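Working notes for the structure below.
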Amino acid sequence: MNPEVRYANPAARGKFAGQVLAEQLEARSAKRPVLKLVRRKGGSPVTVEFRNSLKITRDFGRHPGTWFPPLVVMLILALTLPAVYLGGTLDPIGSLRGLPVAMVVEPQTASSIGAADQVSAAITQGVDHEAIELIPMTAEQEREQMDGGKIFGAVRVPADFNAEISRLASGSPGPATHAVIHLDTNPAAATMSTGLFTGYLAPVVAAVNAGMGAKLPQNAPTAAATTALANPFSVATAPLTPLPAHTGSGTSVFYYAVVLVLLGFVGASAIHPMVDSASGFQPTELGPKVQRRRYTHLSRLHMLVVKWCVALIAAPLSAGLVQLLATKTLHMPVASPWQLYLFSATTIDAVALGALTVFAIFGSLAPLINMFFFVAMAMTSSAGTIPIEATPAFFRVIAKFEPMQPIVAGLRSILYFHSTPPSGLHTAWIHVVIGGLLAVVVGVVITGLYDRKPSFTRQPVLATE
């Protein structure tokens, strides 16, 4: 039930509120006194009104209500933004907790020496199990887990490891050779996953290498063999499944997600004032031109529904343009174009619905709330560049409800893992759809409650003359 607009002049009833406002402004302009010019001695002519406007501007600028609230907001941003962005990214090694890594020992071709099992046990003992979750598995399981983005790397002992160590230790004739241990990386899992994995595991493997060399019998027939015995195996680091070209070395997923979230968030930030201006609730200002339309009164709920409809129409078109530019112009590889398009359009819709709901509930505070929720806190907790296991505990908690983490997971599944079931696309769809539906439910309930209270109406009330 909406309250009736109160008009300054009873004769104005039945007119649009915007029309009445325009008439009042025109009447006030007609009553304004003609500008009087005065001349100061030795100076240029100035108007009385200009001098008065300077005084008004000075008084307005000095009033604490003018400058204090924006200053407080800026200081809060100056504290929170670096805390969010820098605090979550500056020390990934120190924040590392439970990074899943595979320990793979392939079936050995020779069993006369148990070097493979000894190396595996030494590596397992050498890692910090609070930082690294070392998971024993077979080579087939390793590939399956890698292709699903479930592990960030693997230490793999190949099938000929025992044979090579045995030949080196026995002093067999021939050129000295090294056994090899493979550090298989997974660049598709996260941009920094390779650096974290190798940076943490390489020193552990190097220490195991030196320790094994000290235990082997030093009966090498040549100087080269003696040198080889000191470090009996070498380490080969390479991705198990290399990423194709035009993927930004694994960053394309994160930046594609950023584009989709910004389209939803910034699009909502544009839709909200534009629809308000179209309804006459606020003026449209383009440079020096200010346009005021006739006011069309809608309840808060109905106005929100109109904005939602605009976003629902714009999202599929926007998703198509983004994908067209990314794939046809920038040559980003996409194995499943339709899956990418549907997921992108749904993502933009869900973010836009949520941001518009925040605008409807919080009003002037909404831009700050949306910025922190959809951008600032979402980026660090998204696992797009840094694995969530390498962020502080705060970000691991908010990642459970922040929207960008499932968006990144869904895009990673589509773009890098061919939408395989273990890669998390199904879960990502569930999170995105539930997020959009939750925004609609919350928006309907809260704006409906606002509409029931007459003092919360958005209908302009004109002051009496």
Cα extents of the range 109-185 along the three principal axes, largest first, in whole Å? 44, 25, 20
What ranking, highest mean first, results for peptides 76-86, 337-347, 57-67, 229-239 when packing means the other Cβ atoms within 10 Å averaged over each residue? 337-347, 229-239, 76-86, 57-67
What ranking, highest mean first, results for peptides 286-299, 263-276 when packing means the other Cβ atoms within 10 Å averaged over each residue? 263-276, 286-299
If amide H atoms are modeled at 1.01 Å from N in the peptide plane, then the residues at a separation of 5 or more from residue 332, or on another chain, having amide H under 5 Å from its own are 327
What distance in nm separates the two pseudo spin-label positions at residue 328 and residue 133, each 7 Å out from Cα along the beta-carbon direction? 4.3 nm
Which order, highest average first, do 319-331, 102-114 follow once you tally other Cβ atoms within 10 Å for each residue and take the mean per peptide? 102-114, 319-331
Less than 17 Å from a label point 7 Å out along the Cα-to-Cβ axis of residue 170: which backbone N atoms in the range 109-130 qualify, by residue? 109-116
So which chymotrypsin sites (Phe, Trp or Tyr not before Pro) in the range 363-465 end up in coil per DSSP with only 12 or fewer other C-beta atoms within 10 Å? 401
Spin-label model distance (nm) - residue 317 vs residue 282, 7 Å beyond Cα toward Cβ: 2.3 nm
Globularity index of the range 311-445, i.e. its alpha-carbon radius of gyration over 2.2 N^0.38 Å: 1.08
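The numbers here are math on the coordinates, done by the rules we state, and not lab data. Please read all numbers here as calculations on a predicted model, not as lab measurements. Methodologically, a virtual Cβ is constructed for each residue, glycine included, from the backbone with ideal geometry; neighbour enumeration extends over all protein chains shown.
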